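The values are calculated or read from the model by the stated rules, or taken from the named source; none is laboratory data. Computed from a prediction, not measured in an experiment: that's the story for all the values here. No Cβ is skipped: glycine too gets one built from the backbone with ideal geometry, and neighbour counts run over all protein chains shown.
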Amino acid sequence: MAQKTNTYHHGNLSSALVSAGVAFLQDHGAEQLSLRAVAERVGVSRTAPYAHFPDKRSLLLAISVEGFRQLSRAMEARRKDGEPAREQILAFGAAYVQFALDNPNLYRLMLSTMTPGSEGGDADVYWQDLMAEATKPYAILNAEFDRLVAEPTRAKALSQGAWGMVHGLASLVGEGLIVPPNGGVEEILRTFMRAQQRP
């Protein structure tokens with residue numbers, strides 16, 4: 001029997017269901033996730049989630065929104081006052097990859113829900129929230145590249161390249177196709193950034 005969460009309080013069922021979904025993904029793939037499964041974890045009736053999520057798609061979108069919020073928080077947790085921009089970028093990049101490795105099922109869901117569905121009603125609201133949250137990791141990187149590079153167009157291009165690189169590393173390391181060196185993922189990122197400085 002699924003373990004019940006302790007997050008539910010009267011009037012906060014929506015958040016409790018999302019938290020239960022995130023917890024479910026620690027041990028199971030998104031294909032096994034359902035409104036019934038999260039209801040059981042929270043300890044409410046099987047029909048209770050439908051007051052907040054009319055279908056599984058709405059629930060998955062809401063969980064992905066929370067996933068991107070957690071990713072942004074994981075990156076921000078690596079922020080240090082007075083840190084040079086280059087070092088801060090490396091720390092943010094490593095935090096991004098580590099989040100994906102620590103939460104592989106959640107991370108896969110976050111990416112898969114980026115493909116638009118036939119949104120409508122509550123699902124459309126969650127889709128808009130997802131679009132807003134999904135760009136925040138990029139914005140965090142971009143702010144540091146703006147500090148590092150004076151020319152905004154170049155800073156944007158570098159930010160996009162860095163975002164693509166950490167996403168690619170997260171996928172490749174997660175699938176075992178890349179084995180990080182002793183210095184970890186951060187060493188891969190550091191070596192790449194050093195190479196970018198060469199003429």
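Here is a list: Gln196, Gln160. Which entry is modelled with pLDDT of 90 or more, part of a helix (DSSP H, G or I), among the polar types (S, T, N, Q) and over 30 Å from Ser19 (Cβ atoms)?
Gln160
Just checking, how many residues over the range 159-199 are loosely packed, with under 12 Cβ neighbours inside 10 Å and acidic (Asp, Glu)?
1
Table: residues versus (1) without any contact (Cβ under 8 Å) to a residue 60 or more places away in the chain; (2) touching a His at 6+ places or on another chain (Cβ under 9 Å); (3) among the hydroxyl-bearing types (Ser, Thr, Tyr).
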residue	(1), (2), (3)
Ala48	yes, no, no
Ala51	yes, no, no
Leu61	no, no, no
Ser64	no, no, yes
Gln70	yes, no, no
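Of all the helices (runs of 4 or more DSSP H) wholly in the range 68-154, which have at least 1 residues that are among the small types (Gly, Ala, Ser), surrounded by 13 or more Cβ atoms within 10 Å (Cβ to Cβ) and at pLDDT 90 or above? Working first, answer last.
Values: elements: 85-102, 104-112, 122-134, 136-148.
In the range 68-154, 85-102, 122-134, 136-148 are the helices (runs of 4 or more DSSP H) which contain 1 or more residues that are among the small types (Gly, Ala, Ser), surrounded by 13 or more Cβ atoms within 10 Å (Cβ to Cβ) and at pLDDT 90 or above.
With the requirement that a residue be part of a helix (DSSP H, G or I), surrounded by fewer than 21 Cβ atoms within 10 Å (Cβ to Cβ) and more than 17 Å from the chain's Cα centre (by Cα), what does the range 43-67 give you?
Start the filter on the range 43-67 by keeping residues that are part of a helix (DSSP H, G or I), which leaves 48-51, 56-67.
From what's left, surrounded by fewer than 21 Cβ atoms within 10 Å (Cβ to Cβ): 48, 50-51, 56-57, 66.
Answer for the range 43-67, where residues must be part of a helix (DSSP H, G or I), surrounded by fewer than 21 Cβ atoms within 10 Å (Cβ to Cβ) and more than 17 Å from the chain's Cα centre (by Cα): Ala48, Tyr50, Ala51, Lys56, Arg57.
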